[in-house]
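See structure below.
The values are calculated or read from the model by the stated rules, or taken from the named source; none is laboratory data. Note that the structure is predicted; figures quoted are calculated from it, not measured. Using ideal geometry, Cβ is built from the backbone for each residue, glycine included, and neighbour counts are taken over all protein chains shown.
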Amino acid sequence: MSSLLPTLHPVFVSQLPADPELSNTCRSVEHAAYSYVPPTPTKFSKIICCNNELAYTLGFSNAALQSTEFSELISGNNLLSKMQPYAMNYGGHQFGQWAGQLGDGRAINLGQYLLPSNGTETKEYATLQLKGAGQTPYSRRADGMAVLRSSIREYLCSEAMYHLGIPTTRALSLTLTGEEVVRDKLYDGRAAYEPCAIVARVSPSFLRFGSIQLPSSRGDLGLLKQTIEYSITHDYPALIPESGVIDKSVYLQWFTEVCERTAHLIVEWMRVGFVHGVLNTDNMSLIGETIDFGPYGWIDNFDLNWTPNTSDAAEKRYRFGQQAYIGQWNLFQLGNAIYPLIEEAEPLQALLNDYNHVYQKKWLTMMQAKLGLEAKREDSTMDETDLLLCKELEKVMSLVNTDMTLFYRHLATFSQQTNITDHTVLLSHFTTCFYQLEEITPEYLEQLAKWLGKYKTRLSKQKNTDEQRKDAMNKVNPCYILRNFQVQEAIELAEQGDYSRVLTLAELLKTPYQEQQQYQQFSVKRPNWATNKFGCSALSCSS
Ligand code: AMP
Ligand code: MG
């Protein structure tokens, strides 16, 4: 019988060198970009969420999505002929230290879908990868499984990110497998069985900074060159010159692009208050996508020092306000890794220095949009007055516990006619944005009024009406984000067999900028009960 499913092509494996060893045992894998390994069969395959919209773009029909063939595919039980599942080999710096070989310890790639032609000659592919599909040669001492809780977090967050308009890997499905594993969720010695699940995720490329770093660290220039050239050919084809010759100058352009995309990505995270939590170089995508949703979190009260990752609580290396710098630190490691192909430090150093300027410029443009400030598009210089206004707002938001998401939506409805000297008017306009009303002293209101005064002056220099400004601001300031307590509530229900909240969140996060009457209960600040609850403000890293 012919398959209902679209064909997966073995593009990655046909173009990069394989590990010749086929046994599924943990080992050091040299001179190879991946190891062949099949997913571990599961007890059953119960689909909790399926992303039909994404599935259609990959070539799935409705009939295919209803089929057992499909549900078995996304749990790794349906190994089609010609499929050559593989785990990728990469290294990485973890928390600032070189960790050597890491690799896909629990992710198995099934192959590539050819996407519909975009009118150009370049073929575009999307890789289908199963996260939590069992042990691989890179599992080290871990079990290769993902628990339901972390899989729900990945499914919902990657889709939230996508619909917010931020580059990200996507989630095709979330499937319960019937397997269970023991996890010490709170790191308090109370380990317990938890249900396992698989997220089938999709991206044009799962290559990471660490995919370049590992061959470089081993002096394997052949594999280093092959990997970077694969990335250029598949993900940056516009960089290939007419001659088709990929030389040093193309490598440098590629690095420029990776720097640019990384800066863009982090600016976008700052826009919506996303904190990745584990920005190790193995979790940095070479195409600038958000990848590997672990102990991430979303900002409730604006706090540049916040990290959701409890295992980083002491240093807070990956805190909200340090993500831009970490982006540069990680790019520095990537630059070091390609140095053997460039053989000159200056151009790499210059690009790394540029990152600061590129980031600052993008950040200011993003903040101007958040504040509804019209800016000259072509201007390559920074508007110092706007920059100061934005920085001052961050200070005002940090003075008291202010909900970042609610604040920007309320700023959008702030009328230029408001008499800011009347503190009661200010308080009533912004009151739902504050976490602790006792913090809202006359002194604080004075600071807020002072800033709003400057904001009004700035707004008076542009022609748009309050209504037009509100519409523009509401297009970049989401009404709904994936609040930590909301995903945790959905997880707790799902662990009791009720998946309805997961589905509701998946649905409402499809239109995050638009207020939806039926979802009003979700555009609220973190409630008091969630302040110190596991999963709601601080998260464990165990996944
Ligand atoms: P992460 O911090 O999730 O990016 O993971 C770091 C490394 O640990 C990667 O190489 C993962 O593949 C691996 N890893 C994490 N969890 C597991 C697991 N349960 N089984 C096998 N490998 C894992
Ligand atoms: Mg990872």
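Checking each residue in the stretch 264-306 for being among the charged types (D, E, K, R) and within 16 Å of ligand 2 (Cβ to nearest atom) picks out Asp282, Glu289, Asp292. All of Ser81, Ser67 fail the test of being among the hydroxyl-bearing types (Ser, Thr, Tyr) and at pLDDT 95 or above, apart from Ser67. Does at least one position in the stretch 223-245 carry a residue that is in contact (Cβ under 8 Å) with a residue 60 or more places away in the chain, within 16 Å of ligand 2 (Cβ to nearest atom) and not assigned by TED's automatic domain parsing to the domain that holds Asn118? Looking for residues that are in contact (Cβ under 8 Å) with a residue 60 or more places away in the chain, within 16 Å of ligand 2 (Cβ to nearest atom) and not assigned by TED's automatic domain parsing to the domain that holds Asn118, one finds none in the stretch 223-245, hence no. If only residues of the stretch 205-225 that are in contact with a Pro (Cβ under 7 Å, 6 or more places away or on another chain) and not hydroxyl-bearing (Ser, Thr, Tyr) are counted, the one that is surrounded by the fewest Cβ atoms within 10 Å (Cβ to Cβ) is Leu221. Listed by position, the helices (runs of 4 or more DSSP H) inside the stretch 334-422 whose residues that are in contact with a strand residue (DSSP E or B) (Cβ under 9 Å, 6 or more places away or on another chain) and in contact (Cβ under 8 Å) with a residue 40 or more places away in the chain number at least 2 are 384-399, 404-412. Look through the stretch 209-226, keep the residues that are in a helix (DSSP H, G or I) and of a type in the set (Gly, Ala, Ser), and return whichever of them is nearest to Gly91 (Cα to Cα). Per the criteria, the residue is Gly210.
Given the condition more than 24 Å from Met366 (Cα to Cα) and either buried (at least 19 other Cβ atoms within 10 Å of the Cβ) or touching a Leu at 6+ places or on another chain (Cβ under 9 Å) (or both), answer yes or no: does some residue in the stretch 296-309 qualify? Yes, there is a match, as at least one residue in the stretch 296-309 is more than 24 Å from Met366 (Cα to Cα) and either buried (at least 19 other Cβ atoms within 10 Å of the Cβ) or touching a Leu at 6+ places or on another chain (Cβ under 9 Å) (or both). The number of residues in the stretch 82-96 being assigned to a loop (DSSP other than H, G, I, E, B) and near ligand 1 (Cβ under 9 Å from one of its atoms) comes to 1. Within the stretch 172-187, the presence of at least one residue that is under 21 Å from Asn309 (Cα atoms) and in a strand (DSSP E or B) is confirmed. Scanning the stretch 275-320 for residues that are of a type in the set (Lys, Arg) and either within 10 Å of ligand 1 (Cβ to nearest atom) or at positive phi (or both) returns a single hit, Lys316.
Residues in the stretch 426-445 that are surrounded by 13 or more Cβ atoms within 10 Å (Cβ to Cβ) and part of a helix (DSSP H, G or I): Leu426, Leu427, His429, Phe430, Thr432, Cys433, Tyr444, Leu445. Filter the stretch 360-414 down to residues that are at pLDDT 95 or above and of a type in the set (Gly, Ala, Ser) and give me whichever is surrounded by the most Cβ atoms within 10 Å (Cβ to Cβ). Ranking the candidates gives Gly372 first.
Just one of the listed residues (Gln468, Gln486, Gln514) is over 24 Å from the mean Cα position of the chain (by Cα) and either free of Cβ contacts under 8 Å to residues at least 60 places away in the same chain or part of a helix (DSSP H, G or I) (or both), and it is Gln468.
Given the structure, is Thr57 among the hydroxyl-bearing types (Ser, Thr, Tyr), touching a residue at least 24 places away in the same chain (Cβ under 8 Å) and out of contact with any Cys (no Cβ under 7 Å at 6 or more places or on another chain)? It is true that Thr57 is among the hydroxyl-bearing types (Ser, Thr, Tyr), touching a residue at least 24 places away in the same chain (Cβ under 8 Å) and out of contact with any Cys (no Cβ under 7 Å at 6 or more places or on another chain). When residues of the stretch 158-171 are filtered for being assigned to a strand (DSSP E or B) and within 16 Å of ligand 2 (Cβ to nearest atom), how many remain? The qualifying residues number 2. Can we say Arg106 is basic (Lys, Arg), within 30 Å of Lys316 (Cβ to Cβ) and touching a strand residue (DSSP E or B) at 6+ places or on another chain (Cβ under 8 Å)? Yes; evaluated as a whole, the condition is true for this residue. Here Ala133 fulfils each of the conditions (1) within 16 Å of ligand 2 (Cβ to nearest atom); (2) among the hydrophobic types (A, V, I, L, M, F, W, C); (3) within 20 Å of the chain's Cα centre (by Cα) apart from (3). Screening Leu452 against (1) in a loop (DSSP other than H, G, I, E, B); (2) assigned by TED's automatic domain parsing to the domain that holds Thr402; (3) surrounded by 18 or more Cβ atoms within 10 Å (Cβ to Cβ) leaves a single unmet condition, (1). Scanning the stretch 137-182 for residues that are of a type in the set (Lys, Arg) and either within 11 Å of the chain's Cα centre (by Cα) or buried (at least 20 other Cβ atoms within 10 Å of the Cβ) (or both) yields Arg149, Arg153, Arg170.
Conditions (1) of a type in the set (Val, Ile, Thr); (2) modelled with pLDDT of 95 or more; (3) in contact with a Phe, Trp or Tyr (Cβ under 8 Å, 6 or more places away or on another chain), marked per residue:
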{"site": "Ala142", "(1), (2), (3)": "no, yes, no"}
{"site": "Cys157", "(1), (2), (3)": "no, yes, yes"}
{"site": "Thr169", "(1), (2), (3)": "yes, yes, yes"}
{"site": "Thr177", "(1), (2), (3)": "yes, yes, yes"}
{"site": "Glu180", "(1), (2), (3)": "no, yes, yes"}
{"site": "Asp188", "(1), (2), (3)": "no, no, no"}
{"site": "Ala191", "(1), (2), (3)": "no, no, no"}
{"site": "Cys196", "(1), (2), (3)": "no, yes, no"}
{"site": "Ser203", "(1), (2), (3)": "no, yes, no"}
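Residues in the stretch 63-109 that are touching a helix residue (DSSP H, G or I) at 6+ places or on another chain (Cβ under 7 Å) and away from ligand 2 (no atom under 16 Å from the Cβ): Ala64, Leu65, Phe70, Asn78, Gln84, Tyr86. With respect to the conditions (1) surrounded by 17 or more Cβ atoms within 10 Å (Cβ to Cβ); (2) among the small types (Gly, Ala, Ser); (3) touching a Phe, Trp or Tyr at 6+ places or on another chain (Cβ under 9 Å), Gly134 lacks only one, and its number is (3).
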